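The values are calculated or read from the model by the stated rules, or taken from the named source; none is laboratory data. In this text the structure is predicted, and so the values were computed from the model without any measurement. Note that each Cβ is placed from the backbone with ideal geometry, even for glycine, and that neighbours are counted across all protein chains shown.
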Amino acid sequence: MTDERPDPLIALRPWEAPEVTSWGRLPMNAVDRRPGAVVLDGDWRFQLLPAPDAPLGEVWSSSYVPGVWTVQGTDDLPRYLNVRMPFAEFPPHVPAADPTGVYERSVDVPAEWAGRRIVLQVGAAESVLLVHVDGRPVGISKDSHVAAEFDLTGLARPGERATVRLTVVKWSDASHIEDQDQWWHGGITRSVLLYAVDPLHLADVTVRARRDGDLRVDCRVRDTGGALPEGWYVSGELEGHLLTQDAEFDRANAEDERVSGFLGEARLRATVPAVRTWNAETPELYGLTVRLHRADGTIADTSRHRVGFRDVTISGRDLLVNGERVFIRGVNRHDFHPLTGRTVTYDDMRADLVLLKRFGFNAIRTAHYPNDPALYDLADELGFYVVDEADIESHDHAHEVADDPRYLSAFVDRVARMVLRDKNHPSVIIWSLGNESDYGANHDAAAGWVRRHDPTRPVQYEGAAKRGWADPDVASDIACPMYAPLEDCLAHAMSGTQTKPLVQCEYSHAMGNSNGTLADHWEAIETTPGLQGGFIWEFWDHGILQRVNDGRPAGRGGAGLYDNGVAAPGHRWAYGGDFGETDHDGAFIADGVVFPDRTPKPVMFEHREIAAPVRIESFRHEGVVLGNHQHFRGLDWLAGEWELSLADGTTLTAPAELPELRPGETASVPLPLALPEDGGEAWLTLRVTTARDEPWAPRGTVVCLPQVRLRAAFPPAHTRVPDGTVEVDEDGLLVHPLLTAAPALSLWRAPTDNDELGGMAARWRDWGLDAPARRVVSVRREPGRVAVVSDYLCAGGTVRHEQVLSAVADGLFVEECAELPEALYDVARVGTVFETAAGLNLLEWFGQGPWESYPDRAAGAPVGHHRLPVDELFTPYLRPQESGGRHGVRRFTLSAPDATGLAVRLDRPRQVSVTRHRAADLAAVAHHDELVPRAGCVVHIDAAHRGLGTASCGPDTFASYLVPAGVHRWSWTLRVL
C-alpha cells in the first residue's frame, strides 16, 4: 500500500528540530495502565527506507516488535562508538542517508471499548517516532528510552479494524544527546500497547510514603470531554488501611483558586502504625489501590501501586536512607541482550538483578537513560537503590549542547518525563540529569524542575564536578565524579572542605581482565568518613552473537548457541569493527562484570567478598570475632559452616551457629575445630549461605566466604642428592620427560585491555619483552647440580638470569634469580614459563581459588584445596588476553586420568597460571574462535606479577602492585607423580 498524499509529520522534518520534543503526545504519568491492555507485540509489516522522506515501496517484509532492525536481517547493522558520533554533521543536523523503519499492522479494536478513551502506548523507539492511524497523522515523540502515549479516541473505532503505522527515524537532532557508550541501533525496543480508560480518569498519581508511616497520595483527574463532572471523588486503601480525604488540602486549593472546570486535584492521607520500612536489605512493600469515583459512587478508574515507606536525606556529607548512612555498592547497567540488542524481557531483567543481588550489589545506576518500568518494579521487590538517569548524553558535542537554547526543552522534557514516570518507586533514591554532557544552563533548568516537583530526593550530575566537588551552587547534591583516583577521594574527604556525599558514578572499569585494586578502594571507603561507595562500569560485556560464516548477527534464532561465556562453534561475540564498520571503538564495548550470556566474570566473586554482610574481624587463640556489616538487618537470614583447610591436604568441617548481632555489632565465638599439633599452614573459612529461600536466592546459596589464617606455613626444606642426575641440553635448558618446553625466563604477558589502552603494552613491546633474545653466558655442571647463567637481550637493557637445577630427595629443586636494569622499571611479570606433554588435564592446587585471581584482585578467592580441569581454568574475555591466573599458590599438581603427572611446590605463595595457550597465541588474535588450544599445558610461575588496575578507563594499579627493576629471586621443586 502506498500513500501519495503529503505527510504533514514528514513535512515538519522533526528529526532536525531540537525545539520539537513531541507533538500530539500525552503527558507522562505514573498511573498503572497495563492490566486490560491489548499487547501489540509480534510480527509487524516492515520496510527499511534510506531516509525518512523516501517513498514507501510496494514490497513489505516483517520485523518483530519489540526489537531492533539492526539484528533482524537488514543491511543496517549494529555500530559501536563510545564518544564520537557515527556521522560528521554538527548538532542539530544529521546525514541525508538516515535509515528509517516503517512498521505497520492492523488492530481489531474491542467493541466493549465504545465510549471509552483509547490510548496507544509505544514503550520505546529510537530516535524519532511518527504515529499514523489509517493514514492520518497522530503524533511525534522523541526520547528513545521512555514510553510515548497518544490519544486515538475518534481514530480507532471500537468494533472496527484500524491500521497503525509507526515510523522510526534512526538519526535525528536527538541522537546528539543520546550519544551513550553502547551500540547504535534502530527500532522499537519495548512493547506496544493499546488500552482504554473511562473519559473520567486518573491523569496522574503521586505517592509519598515516609519512614514514620505517613502516607500522602496526590491525584490528578481529567475528563476527555473537557470539564469535570460534578461530584467526583477519590478513595484509597493500603492493605486494610483506608485513606482519608485531606480536607486541608482541598481548602487550600480553593483559597488559592487552583480549582477549575478541567483540573481536578485531590489528596489522600493515612498514618500506618508500626510501619515496616523499605530499604535494600529488607524491601518491605505495601499494596496501594487508588480509585476514582463518579458522583454516584461507581468506579471510573483504578490505579494500583506498591508502596515502600522510606526517607532519603543528605546530612552534611552523608547520604542517608531512613536515617542510616548506607554504602552504595553499585553497578551501571545498560539494557542489553546478545541476540536482541537493546530489547530485554521481564525475565531478562529479573535474572540481571538476581545475579547482582547474589554477588553483593545493592545499587544500580540506569546508565544512561531510564530503564524499562519493570526493572524498577523488580528493584522495589528485590531491594536495590536506584540512581535513575535521564536519557541525556552529548559526549561528542557536550560543550556546545549544554548551553544551546535549542536543546533546552529537550533537557527539561527528558528529565521531567523520567521523574513523572518513576517517582512512586521506593527504589529510586537519586535523580540523575544525564551523563557526560559537560555542564550548562540546560542542566540547571532541568534540576530546577526536579527540585520543585520532587523535593524528597537529591539530584546528581557527574558533569557538575568540573566546578569542584564541594561547590554548593551546582546542579548536583552529590559529588559523583568519574574514575577519580583514590588518593584524590581520600584527600577530599580529609580536607575539611567536603560538603556533599562522595559517591563515584563510575570508579572501576571492567574491561577484559580488570577491576584491580577493588578491595583497596573498599577498605578506604569503609574506613574514611565522607566516602560512601560508587558504581562499577558496568554490568554487561556487550558482545553480540555473530555468525562467523557471514558476519551477521545471530538474531533471535541464536538462543542456546552460548554457554559459560563462550559462543558455540561457528559463532563469536562481536564487538566494534566486527560488522564491517571502519570507524569504531573496538572491544571498549566489552567492559562488564558479566559476559554477554550473563556468566559472572571473576571480579564478581571479588565483589561478593568485599560486600560480605558477615565478616571475620580478627583471630585470637581462644576464637574469632565476627561482625555484622549490614545497615538494617540481623544475621538470622544466614546460615554457616566452618571449614578448616590444612597444608597436608585435609579439609575439616563443622556446623556454625551465627550469633545474634544487630548491624554494626561484633561478637567473639570459640574456634569450632581443634587445630592439629603437627604444624603446617591452616586457614579457617566461614561458608555463609542463605538460611531460607529469599526472593533472589534459594536456601543454601553462598553469600560470602570470610576467612582467616590460623597458622603460617613453615619454609620448605630440601635435601640435595649429590649423585642425582640433572639433564640439560647444550643451551643449558632442562630435559625432562614430561616437559616439551624447558623452564625459561618470562617477562611478558598477553596484554590485557588495561595494558593496551593504558600504554604499558606498547612500552613492553618497544623494550622487546615479548620476544627477548636469550644468550647463554655459562653452564656449570656439578654432581647433582647444574647452574646456568643467561642474558635476555631487550631494547630496554639486558636482563641477567641465573637458574640453578639441583637433584633433591623429592625431585628437582630450581632456584632462580633475575636482575632487571633500572630502564625496565615496570614490566608485566618476572617468572618461569614451561610447557608440558599432552594428557595432563587436571590441575589441583593449594592456594587461592577456585576462580581466577591476581595480585590486586585476590580478596574474593579463599585459600584452600582446589581442583579444576585445565580447560576450565582459562577465562574467555572477549578479546583474548592474559587470563586464568591463580594468586597465592603454594603447590600444585598436573595429572592425567591415570594419576601420573607432575607436582610443583613453591618457596612461598606465588602467581601461577596453567592454560592451553602461550602469551603470544593470545596476543596474536582478536577473538576466541581464532585460538587453537595446544595439546599440552603452558605453565607460568611468577616471582612477581603486575597488578591489573583499570587503566583502560580510570586509574592504573597502585605502585605496590607494580613489578620493579632490580633483583627478583624465587625457587620451586618439580617432581614426577
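Couple of notes before you dig in:
- Selection status of ASP32, surrounded by 14 or more Cβ atoms within 10 Å (Cβ to Cβ), at pLDDT below 95 and not in a strand (DSSP E or B): yes
- Residues satisfying the stated conditions in region 582-599, i.e. acidic (Asp, Glu), within 19 Å of VAL331 (Cβ to Cβ) and surrounded by fewer than 22 Cβ atoms within 10 Å (Cβ to Cβ): ASP597
- The one condition in (1) in a strand (DSSP E or B); (2) in contact (Cβ under 8 Å) with a residue 60 or more places away in the chain; (3) of a type in the set (A, V, I, L, M) that ALA951 fails to fulfil: (1)
- Looking only at region 294-311, and only at residues there that are outside any strand (DSSP E or B) and within 36 Å of the chain's Cα centre (by Cα), the one that is surrounded by the fewest Cβ atoms within 10 Å (Cβ to Cβ): ASP311
- For HIS132, the test of being within 29 Å of TRP184 (Cα to Cα) and part of a loop (DSSP other than H, G, I, E, B) is failed.
- Region 929-977, subset closer than 25 Å to ARG720 by Cα and of a type in the set (Gly, Ala, Ser), residue surrounded by the fewest Cβ atoms within 10 Å (Cβ to Cβ): SER971
- Residue ID - nearest to the chain's Cα centre (by Cα), chosen from residues in region 761-778 that are within 30 Å of GLY592 (Cβ to Cβ) and surrounded by fewer than 22 Cβ atoms within 10 Å (Cβ to Cβ): ALA762
- Residues of region 278-293 that are closer than 21 Å to GLY330 by Cβ and either outside any loop (DSSP other than H, G, I, E, B) or of a type in the set (Lys, Arg) (or both): TRP278, PRO283.
- Yes/no for ALA114 being surrounded by 21 or more Cβ atoms within 10 Å (Cβ to Cβ) and in contact (Cβ under 8 Å) with a residue 24 or more places away in the chain: no
- Test: ARG452 is in a helix (DSSP H, G or I), assigned by TED's automatic domain parsing to the domain that holds ALA367 and without any contact (Cβ under 8 Å) to a residue 40 or more places away in the chain: yes
- Search result, residues across region 785-841 that are surrounded by fewer than 21 Cβ atoms within 10 Å (Cβ to Cβ), within 16 Å of HIS940 (Cα to Cα) and among the aromatic types (Phe, Trp, Tyr): none
- Residue list for region 206-235, filter: modelled with pLDDT under 95 and aliphatic (A, V, I, L, M): ALA227, LEU228
- Elements of type strands (runs of 3 or more DSSP E) contained in region 350-435, each with 3 or more residues being assigned by TED's automatic domain parsing to the domain that holds THR690: none
- Answer residue from region 677-696, given it is part of a strand (DSSP E or B) and either surrounded by fewer than 17 Cβ atoms within 10 Å (Cβ to Cβ) or among the hydroxyl-bearing types (Ser, Thr, Tyr) (or both) and is farthest from the chain's Cα centre (by Cα) among those: THR685
- In region 760-787, the residues that are of a type in the set (Ser, Thr, Tyr) form Cβ pairs under 6 Å with partners that are modelled with pLDDT of 95 or more, at six or more places apart or across chains, as follows: SER778/VAL789.
- Subset tally (residues that are crowded, with 16+ Cβ neighbours inside 10 Å, under 39 Å from the mean Cα position of the chain (by Cα) and in a loop (DSSP other than H, G, I, E, B)) for region 198-223: 3
- Of residues in region 360-414 being surrounded by 24 or more Cβ atoms within 10 Å (Cβ to Cβ) and charged (D, E, K, R), the one nearest to ARG34 (Cα to Cα): ASP372
- Answer residue from region 534-548, given it is surrounded by 23 or more Cβ atoms within 10 Å (Cβ to Cβ) and touching a Lys or Arg at 6+ places or on another chain (Cβ under 7 Å) and is nearest to SER315 (Cα to Cα) among those: PHE535
- Tally of residues being more than 26 Å from the chain's Cα centre (by Cα) and either crowded, with 24+ Cβ neighbours inside 10 Å or of a type in the set (Gly, Ala, Ser) (or both) across region 490-512: 4
- Some residue of region 274-294 being at pLDDT 95 or above, basic (Lys, Arg) and within 30 Å of GLY231 (Cβ to Cβ): yes
- Restricting region 224-244 to residues that are part of a strand (DSSP E or B) and out of contact with any Phe, Trp or Tyr (no Cβ under 7 Å at 6 or more places or on another chain), the residue that is surrounded by the fewest Cβ atoms within 10 Å (Cβ to Cβ) is LEU242.
- Region 462-518: number of residues that are in contact with a helix residue (DSSP H, G or I) (Cβ under 6 Å, 6 or more places away or on another chain) and of a type outside the set (A, V, I, L, M, F, W, C): 7
- Looking only at region 10-48, and only at residues there that are within 33 Å of the chain's Cα centre (by Cα) and of a type in the set (Asp, Glu), the one that is farthest from VAL401 (Cα to Cα): ASP43
- Subset of region 659-676 that is among the aliphatic types (A, V, I, L, M) and under 42 Å from the mean Cα position of the chain (by Cα) - its residue that is farthest from HIS621 (Cα to Cα): LEU661
- Residues located in region 120-144, provided they are under 21 Å from ARG421 (Cβ atoms) and not hydrophobic (A, V, I, L, M, F, W, C): GLN121, GLY123, GLU126, SER127, GLY139, SER141, LYS142, ASP143, SER144
- Here PRO880 does not qualify as assigned to a loop (DSSP other than H, G, I, E, B), surrounded by fewer than 16 Cβ atoms within 10 Å (Cβ to Cβ) and assigned by TED's automatic domain parsing to the domain that holds TRP748.
- Single unsatisfied condition, TRP44 versus (1) surrounded by fewer than 21 Cβ atoms within 10 Å (Cβ to Cβ); (2) touching a residue at least 12 places away in the same chain (Cβ under 8 Å): (1)
- The residue of region 747-760 that is farthest from the chain's Cα centre (by Cα), among those that are part of a loop (DSSP other than H, G, I, E, B) and surrounded by fewer than 22 Cβ atoms within 10 Å (Cβ to Cβ), is GLY759.
- Residues in region 600-637 that are surrounded by fewer than 20 Cβ atoms within 10 Å (Cβ to Cβ) and among the acidic types (Asp, Glu): 3 in all.
- For region 737-746, the count of residues that are among the small types (Gly, Ala, Ser), buried (at least 21 other Cβ atoms within 10 Å of the Cβ) and in a loop (DSSP other than H, G, I, E, B) is zero.
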